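Working notes for the structure below.
Every read-out reported here was derived from the displayed coordinates using simple, explicitly stated rules and does not represent laboratory data. Small disclaimer: the values here were computed from a predicted structure and weren't measured. Please note: Cβ atoms are built from the backbone with ideal geometry, for glycine as well, and neighbour counts cover all protein chains shown.
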Amino acid sequence: MTNSKPLPHIVALTGAGISAESGIRTFRETGGLWENHKIEDVATPSGFKKDPALVWAFYKERYRNALNSKPNAGHLALVDLESMLQDRFQLITQNVDGLHSAAGNKHVLEMHGSLHRSFCISCKAIFAMTDIDLDMSLPKCVKCGANLRPDIVWFGEIPYALYEIEKIIKDSEIFLIIGTSGAVYPAAGFVMTAKHFGAKTIAVNLDPPDNRSFIDEFYQGKAGEILPQLVKSWIN
Ligand code: OAD
Ligand code: ZN
């Protein structure tokens, strides 16, 4: 990939595996439990209805953990890729930790929301976590007084920006998948769309993902080790 050839349009999809080397545990590792909570209790609208303070305690912990984590070499390789491709690069992430933006990526779509934001369940006003009182067990909206909730897409909810994502993927020439099990839809199905519209599909993952059969080039190993080499080989 030299500068004399037109640069391809690359779309990257990331999952929990890219943040593993930053010390954030992946979902598969937790075996259906998150910090001893059932997923239904802390990651569904009905769990929030039942015990909103418990759900808030859980996400405050995850937010603090994300704040204490740093981007790793895998995240930084994607910043280098974006520096080269500029508007011809788009990052779609299932992660909510904010590490891609912290690393310096600009074109980031957080399809499962963000630990760094909350919104009002009544008037839908959005608040940065830094602007709300996290000492309250149940943070309230300063505009209307209703409960706030973490801006996370829970099970049973529709991910953000799906329409935009589909358009972006259709335009991609290389669809690069990093650190995701290929088990959770709709993200697990994006590779099929990419392939259908003619993109080359490349994956970097510790284990073969469930959608391996749709991947043209598979690099097995840690994102923080493989991705910098891969990006370097493209840039030079
Ligand atoms: P998973 O925990 O399902 O999968 C993580 C993947 O990363 C696995 O396939 C691992 O083999 C791989 N992995 C682990 N460490 C790695 C490393 N250092 N380098 C490269 N790969 C590594 O996480 P996701 O696929 O992101 O949704 O999960 C998808 C969605 O399921 C999440 O966004 C979440 C969850 O339910 C919501 O919360 C809405
Ligand atoms: Zn409100």
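Data table
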{"quantity": "Cut-off of 10 Å, at most 15 other beta carbons, DSSP loop: longest stretch of the chain lacking such trypsin sites (Lys or Arg not before Pro)", "calculated": "144-236"}
{"quantity": "Stretch gain in nm, segment ALA102-CYS123, where the contour uses 0.36 nm per residue and the Cα spacing is subtracted", "calculated": "4.7 nm"}
{"quantity": "For the range 204-213, Karplus couplings with θ = phi - 60° (6.51, -1.76, 1.60), whole Hz, Gly/Pro x", "calculated": "10, 7, 5, 10, x, x, 4, 9, 3, 5"}
{"quantity": "Full-extension gain in nm, TYR163 to ASP131, via 0.36 nm per residue minus C-alpha separation", "calculated": "8.5 nm"}
{"quantity": "Inter-label distance for ASP210 and ARG64, nm, one decimal - labels placed 7 Å from Cα along Cα-to-Cβ", "calculated": "3.3"}
{"quantity": "The chain: calculated mean residue ellipticity at 222 nm from DSSP helix runs of at least 4, using -39500 (n - 2.57)", "calculated": "-9000 deg cm²/dmol"}
{"quantity": "Packing rank of 12-18, 181-187, where each peptide gets the mean count of other beta carbons within 10 Å, highest leading", "calculated": "12-18, 181-187"}
{"quantity": "Karplus (6.51, -1.76, 1.60) ³J(HN,Hα), θ = phi - 60°, over the range 174-187, in Hz, Gly and Pro reported as x", "calculated": "10, 10, 10, 10, 9, x, 9, 6, x, 10, 10, 8, x, 4"}
{"quantity": "DSSP bridge orientation in the chain - percent antiparallel, rounded to nearest 5", "calculated": "35"}
{"quantity": "Low-density loop positions, chymotrypsin sites (Phe, Trp or Tyr not before Pro), the range 95-199 - DSSP coil, at most 11 other Cβ in 10 Å", "calculated": "none"}
{"quantity": "Diffusion constant of the chain at 25 °C, which comes from Stokes-Einstein with the Kirkwood Cα-pair radius and 0.890 mPa s, µm²/s", "calculated": "132"}
{"quantity": "The range 133-205, dipole about Cα centre (Lys/Arg Cβ +1, Asp/Glu Cβ -1), debye to the nearest 20", "calculated": "140"}
